[in-house]
1. Can you give the alpha-carbon Rg of the stretch 1-74 over 2.2 N^0.38 Å, where N counts its residues?
2. Could you tell me the relative contact order of the chain? Use alpha-carbon pairs under 8 Å, at least six residues apart, and round to a whole percent.
3. Set Lys and Arg Cβ to +1 and Asp and Glu Cβ to -1, take the dipole of the stretch 1-150 about its Cα centre, and tell me which of Ala116, Ser19, Val102 lies farthest positive.
4. Take the Cα pairs of the chain, get the Kirkwood Rh, then feed it into Stokes-Einstein at 10 °C and 1.306 mPa s and tell me D in µm²/s.
5. Of all beta bridges DSSP finds with both residues in the stretch 83-178, what is the antiparallel percent, to the nearest 5?
6. With both bridge residues required to lie in the chain, what share of the DSSP beta bridges run antiparallel, to the nearest 5%?
7. Take peptides 188-195, 270-277, 35-42 and line them up by average Cβ neighbours within 10 Å, highest first, as a rough protection proxy.
8. Compute, for the chain, the length of the dipole vector about the Cα centre, with Cβ point charges of +1 (Lys, Arg) and -1 (Asp, Glu) only. Units Debye, rounded to 20.
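Nothing in this text is a laboratory measurement; each read-out follows from the coordinates by a stated rule. In this text, all values refer to a predicted model and were calculated from it rather than measured experimentally. As a convention, Cβ positions derive from the backbone with ideal geometry for all residues, glycine included, and neighbour counts pool all protein chains shown.
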Amino acid sequence: MIPVSDPTRQNTALLPELSEAVGAVLRHGRFIAGPEVAQFEEVFRTWLGAPHAVGVGNGTDAIRLMLEAAGVGPGDEVLIPDFTMIATAESVAALGAVPVLVEIEAGTYMIDADAAAAAVTPRTRAALVVDLFGAPCPLPELPGGIEVFEDACQAHGATLHGRAVGTLGRAGSFSFFPAKNLGGIGDGGMVTTGDPDLADAVRRLRNHGRVAQYEHDHLGCNSRLDSVQAAALLVKMRYIEQGNARRQAIAAAYDERFAELDLDLPRVADGGRSVYNLYVVASDDRDTLRARLAEREVATLVHYERPMHRQPALAGVAVPPRRPERTEEICSRVMSLPCFPELSDGEVEHVMEAVVAAVTGG
């Protein structure tokens, strides 16, 4: 079965480099706040063109700490798309703030700018857009100076009009979950920003609100990027551009082969460059196609089966969208195809032949 993603292929190929990097951490013993953490923050910051980058424990914490550092708190409303992973909404709710679920565009599946503007109330504090499936999300223009933040956890290296995601809003958040374009060998996350005060606040929050030895000026949490993960990510940074280029080449081959099929193919906003963390197509006959592809040894996944407004955990917590049917329809139609750098040319060809046969009934 050809998988949708397989981080073990990259890890196996890089095993000598990863072993050397992790071994160095084991030898010096500074597992927390070791030199690799600051080095990785600097390398990642420079790569994106972000003035500041702060490593944290995981992508979900990156979202939450980014918003908390900006002052989002109880009772504040935060606009988010109805179509995303629950971590986006969960991070808002964890602060006592209210996730306001906003309809998405039919083509890009990202937050609808007009719907976002219409959802603004006097309690709206911020908007949190999602750079979905590796594509950049244009920031909506909102009244009243409402700040916009990015959940860029799926889009390491994506750009909009030449600017990297994670640098478009007041701050951005990244995940280094193993299946991401830049994936670690465990969990990890990063907050990027041009605001030095926000960056400093995240640094304190990730380390129990600490400002000096045994001195804490407010309550924080324990969410530090550890040295082992930073060491592994420094190795993988050497290959991120190569990996993104391979994803783009696979996506371009899919686009060309599937152009005449009865499928909705990925759409990228004008001026955008996607890095295809996932290659997501849509069909009215999605479940039948998935079964046919499984018969041909091609795995698929559904991102996402439920919109946020149908998540039981958010009942009574989030404000539902005005037009929930938009996301309902998209959730019933989307599926993700294999798209990761270590796919062989033969596997890519097999996926394309299988999709054509599944759609045409061949």
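1. Normalised by 2.2 N^0.38 Å, the Cα Rg of the stretch 1-74 equals 1.45.
2. 23
3. Going by the charge dipole, the pick is Ser19.
4. After rounding, the answer is 76 µm²/s.
5. 30
6. Numbers: 26 of 43 bridges.
The antiparallel proportion sits near 60 percent.
7. Top of the packing list down: 188-195, 270-277, 35-42.
8. Approximately 840 debye in magnitude.
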